[in-house]
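The values are calculated or read from the model by the stated rules, or taken from the named source; none is laboratory data. Here the structure is a predicted model, which means the values were calculated and not measured. Cβ placement follows ideal geometry from the backbone for every residue including glycine, while neighbour counts extend to all protein chains displayed.
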Amino acid sequence: MPEHSKVMGKDWAADRRKANVARLGAALAEALAGRDELTFEIGCGHGHWLAAYAAAHPAEYCVGIDLITHRVERSQRKQRLGQLANVAFFKAEATEFLDALAPGQKLAKVFILYPDPWPKKRHHKNRFINEANLARLAAHAPTGATLHFRTDDEAYHAWTREHLERHPQWRLVADAPWPFERTTFFEDMMKAKRDLTAVRR
Ligand SMILES: C[S@@+](CC[C@H](N)C(=O)[O-])C[C@H]1O[C@@H](n2cnc3c(N)ncnc32)[C@H](O)[C@@H]1O
């Protein structure tokens, strides 16, 4: 049996992904023109954290993405209501966003807060942190760029630490202070905080 996305030799999933990346690339080229250095949050949810971060860091240009339309709309509402000129939110899947981003656009800081932990072993392949995605981030991260990861989940924390420890492009920083505290929607529910910070080599 062919995989369900492959019918008569045609890989529909790959084609859809390619089309998404092309569409996103065109949208980002326009929306982020002249923004060479970004502070980037993956899975921004309702945008509480990044909107507060942008308000407190007017010299940085911040971009938040999420998969879910209504969360992105709520984030965009915060941007409008706060009249924040230095933040933009997009509906995008993280790997597609990273593949669509122009090579000249650099990620100076990357934040991942309370990502889905996918606790079951058979679902670990869905975790965002893996070797390929750390390389995807590194492709846009100049030397010295930072990656900040926070989760309540002990197992995902250990998984991310291990991936960062063995990744050639990232170096873990011990006991780094968390750069900016503003309780996120999920942090409020989960309470626990487990942080990791890595620097692009
Ligand atoms: C558990 S929620 C955390 C939201 C927010 N960071 C917080 O702390 O409240 C994880 C978020 O990541 C988003 N997400 C999951 N996988 C994603 C992906 N591949 N690309 C973009 N967003 C993703 C989900 O839609 C969801 O809003």
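Of note:
- Only one of the numbered conditions (1) free of Cβ contacts under 8 Å to residues at least 12 places away in the same chain; (2) surrounded by 14 or more Cβ atoms within 10 Å (Cβ to Cβ) is violated by Q83, and that is (2).
- Flag for Y61 being of a type in the set (S, T, Y), within 10 Å of the ligand (Cβ to nearest atom) and more than 16 Å from N133 (Cα to Cα): no
- Restricting attention to the range 68-110, the residues being farther than 25 Å from E181 by Cβ and within 15 Å of the ligand (Cβ to nearest atom) number 13.
- Residue within the range 119-137 that is modelled with pLDDT under 95, of a type in the set (A, V, I, L, M, F, W, C) and either touching a helix residue (DSSP H, G or I) at 6+ places or on another chain (Cβ under 9 Å) or within 16 Å of the ligand (Cβ to nearest atom) (or both) present: no
- Highlighted here are the helices (runs of 4 or more DSSP H) found entirely within the range 26-119 that include at least 1 residues which are among the basic types (K, R): 69-81.
- For the range 146-158, filtering for residues that are away from the ligand (no atom under 14 Å from the Cβ) and crowded, with 22+ Cβ neighbours inside 10 Å leaves 1.
- Residue within the range 179-192 that is within 16 Å of the ligand (Cβ to nearest atom), without any contact (Cβ under 8 Å) to a residue 24 or more places away in the chain and in a helix (DSSP H, G or I) present: yes
- F97 being in contact with a helix residue (DSSP H, G or I) (Cβ under 7 Å, 6 or more places away or on another chain), in contact (Cβ under 8 Å) with a residue 24 or more places away in the chain and either on the phi > 0 side of the Ramachandran plot or not charged (D, E, K, R) (or both): yes
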